């Protein structure tokens, strides 16, 4: 690690193979906590390169407990987190709405490292039981249209990094890696990123795959479609800048998307939205994100059709029924 840290502090970058070896050595507990913290700090001070990201990603995919979901044309909808906006759990709710709209969803998520409540925090409070048993997860997707992959159960090699991330409470390069290392590697993905540089990195990584993908980024800094500003959507076939208004939505204030000051508040907001008690801003953000998920799977559908199907799932109670099926 001394060689790696010396290289990084001299403003050099790592090759893909060097980056891969760093993660493999972390998994073998070859580095102490101070060395890992120093590594994380370097990447908080500069942008990760494509080669570094690809090496980190390759190592984590190699180390993870993979599961087979190839029987389903599944999608994941997930953000990097770390945008500092403290929104309610938009991507997790959007995933449930997608399942309510008839799609198969394999949602990857984790406890929060830099915000009030991550997807795992809220799903746990809803009564969902985490598991890495493939048969159980396949049954959930078949029955309810969705399962949830709690990252620590599939990436045991990273068990020593999680506490450090929580202690730091800041965005690290593991935020960028999270959406890229779903253990099921679903065929479709909507990935939210917190800035346009990460959007560029993701675009390069996804272009090397056979995925149907859409990368979204709100220009005012959200790692999802917030409807508080214009947003960019990069897919296999196009790169567009949208305004909320041109897609039929109102523009909302940032404070209308706040996710509460505690995990209990976040869970209460989550539950209320699924029960049809969400505000216009909350409902619209979910419908927009889920709508882009539907567009990713079904590029031949119009945006209006996608948003209508998402709206029917959320406001027609279908999404709530999905949650009830997986927590009973």
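The values are calculated or read from the model by the stated rules, or taken from the named source; none is laboratory data. It should be emphasised that the depicted structure is a prediction, and the values quoted were computed from it without experimental measurement. With ideal geometry, Cβ positions are generated from the backbone for all residues, glycine too; neighbour counts draw on all protein chains shown.
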Checklist entry - Any residue at all in the range 243-252 that is touching a residue at least 12 places away in the same chain (Cβ under 8 Å) and in contact with a strand residue (DSSP E or B) (Cβ under 7 Å, 6 or more places away or on another chain)? => result no
Checklist entry - Which residues, counting only those in the range 39-49, are surrounded by fewer than 16 Cβ atoms within 10 Å (Cβ to Cβ) and in a helix (DSSP H, G or I)? => result 41, 44, 45
Next on the checklist: Quick check on this structure: which one of 284, 302 is surrounded by 18 or more Cβ atoms within 10 Å (Cβ to Cβ), out of contact with any strand residue (DSSP E or B) (no Cβ under 8 Å at 6 or more places or on another chain) and in the same structural domain as residue 115 (by TED's automatic domain parsing)?
Outcome noted: 284
Next on the checklist: If a residue must be farther than 16 Å from residue 148 by Cβ and not in a loop (DSSP other than H, G, I, E, B), how many such residues does the range 74-92 contain?
Outcome noted: 1
Next on the checklist: Going by what's in this entry, would residue 91 be described as modelled with pLDDT of 95 or more and over 19 Å from the mean Cα position of the chain (by Cα)?
Outcome noted: no
Checklist entry - Which members of the range 125-140 meet the condition of being assigned to a helix (DSSP H, G or I) and at positive phi? => result none
Next on the checklist: Quick test for you: out of 15, 27, pick the one residue that is within 23 Å of the chain's Cα centre (by Cα) and surrounded by 12 or more Cβ atoms within 10 Å (Cβ to Cβ).
Outcome noted: 27
Item to check | Exclusive hit being surrounded by fewer than 16 Cβ atoms within 10 Å (Cβ to Cβ) and either in contact with a strand residue (DSSP E or B) (Cβ under 6 Å, 6 or more places away or on another chain) or outside the structural domain of residue 80 (by TED's automatic domain parsing) (or both), set 159, 139 | outcome: 159
Item to check | Top-ranked residue of the range 148-157 - restricted to ones that are at pLDDT 80 or above and part of a helix (DSSP H, G or I), ranked as farthest from the chain's Cα centre (by Cα) | outcome: 156
Next on the checklist: Suppose we keep only residues that are in contact with a helix residue (DSSP H, G or I) (Cβ under 9 Å, 6 or more places away or on another chain) and part of a strand (DSSP E or B) within the range 221-241. Which one would you say is surrounded by the most Cβ atoms within 10 Å (Cβ to Cβ)?
Outcome noted: 231
Next on the checklist: Take the conditions at pLDDT below 95, in contact with a helix residue (DSSP H, G or I) (Cβ under 8 Å, 6 or more places away or on another chain) and assigned to a helix (DSSP H, G or I) and apply them to residue 36. Does it pass?
Outcome noted: yes
